[in-house]
Amino acid sequence: MPVPPPRISELIVANPAATRSSLVGRLHDWGDHDGWQDFFDTYWKLIYAVAIKAGLSDVEAQDVVQETVVAVAKQMRAERYDQAKGSFKNWLCLITRRRIIDHLRKRTDPKVCAEPPDADDTTRTDALARVPDPASLGLDAVWEEEWQKNLIEAAIERVKQQVTPKQFQIFDLSVLRALPVAEVSALLKVNAAQIYLARHRVGALVKQEARRLEAQAKKAVIKS
């Protein structure tokens, strides 16, 4: 994973902003800097990972992250949002897919995206024909896989702020890194009961936070 892209305020210079509590609902508020930053922190790795798996380079994938976040911000500002027409998850996937396809087109022929369409331009048609069919990239399956992975990672990051450093360290070593209880006990100078207790408590919080994030995403929908 690369160094994280710029903060959201650096991407939307004219209207610095960022999303939290009802993550998606607060996207409408351009003054909600913490909310927009939370949105960026929650989803940039997901967008980046999908772009990489679609065959883009690190630089191209980071561009896709920035372009996708800016597109979300602009559409939110225009209030093209309706809580009755499809999930936020699918809407974000659609925007990301479009940005990925744009970069694949640019890679095939930079003029495809730089120039307006011309009915008599056969070179444009040929270039577009060489762009992979979105369906052939398997982006829907990749998106679902990375969505679930990102959901857990985002939940873990939030829970890390809710528990003690020692509790998270136990969870990290015994669950995330799958070290034996005896080894964790020796490393952290804790007994087995403390390890099992921390694993249970932190694990339960992670599951709870993941469900909360999933519920937030399901609340958000966009007009088609």
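Sub-6 Å Cβ pairs linking a first residue in segment 53-64 that is more than 10 Å from L104 (Cβ to Cβ) and crowded, with 20+ Cβ neighbours inside 10 Å to a second residue that is of a type in the set (G, A, S) and at pLDDT below 95, at least 6 apart or interchain, are A61/A51; V64/A51, ordered by first then second residue. Figure legend. Inter-residue proximity from segment 199-224: first residues on the phi < 0 side of the Ramachandran plot and modelled with pLDDT under 70, second residues of a type in the set (F, W, Y) and part of a helix (DSSP H, G or I), beta-carbon distance below 7 Å, spacing 6+ or different chains. Indicated pairs: A220/F88; V221/F88; V221/W91; I222/W91. Looking only at segment 183-194, decide whether some residue is aliphatic (A, V, I, L, M) and within 23 Å of Y48 (Cα to Cα). So far as segment 183-194 goes, no, none of its residues is aliphatic (A, V, I, L, M) and within 23 Å of Y48 (Cα to Cα).
Restricting the first member to segment 70-81 and to residues that are under 16 Å from W44 (Cβ atoms), and the second to residues that are at pLDDT 80 or above, the beta-carbon pairs closer than 6 Å and six or more apart or on different chains are A71/I95. Being among the charged types (D, E, K, R) and in contact (Cβ under 8 Å) with a residue 40 or more places away in the chain holds for only one residue in K149, K166, K160, and it is K149. Of all residues in segment 140-176, exactly one satisfies the criterion of being aliphatic (A, V, I, L, M), out of contact with any helix residue (DSSP H, G or I) (no Cβ under 7 Å at 6 or more places or on another chain) and closer than 21 Å to R99 by Cα, namely A141. Among the residues of segment 170-185, those that are surrounded by fewer than 18 Cβ atoms within 10 Å (Cβ to Cβ) and under 12 Å from V202 (Cβ atoms) comprise D172, V175, L176. Checking each residue in segment 189-208 for being touching a helix residue (DSSP H, G or I) at 6+ places or on another chain (Cβ under 6 Å) and buried (at least 17 other Cβ atoms within 10 Å of the Cβ) picks out I195, A198, R199, V202, L205, V206.
Table: residues versus (1) at pLDDT 90 or above; (2) more than 22 Å from L151 (Cα to Cα).
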| residue | (1), (2) |
| --- | --- |
| Q37 | no, no |
| Y43 | no, no |
| L46 | yes, no |
| S57 | yes, yes |
| V65 | yes, no |
| V70 | no, no |
| E79 | no, yes |
| G86 | no, no |
| K89 | no, no |
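The values are calculated or read from the model by the stated rules, or taken from the named source; none is laboratory data. Keep in mind the model is a prediction, meaning the values are calculated, not measured. Reconstructed Cβ throughout: ideal geometry from the backbone, glycine too, with neighbour counts over all protein chains shown.
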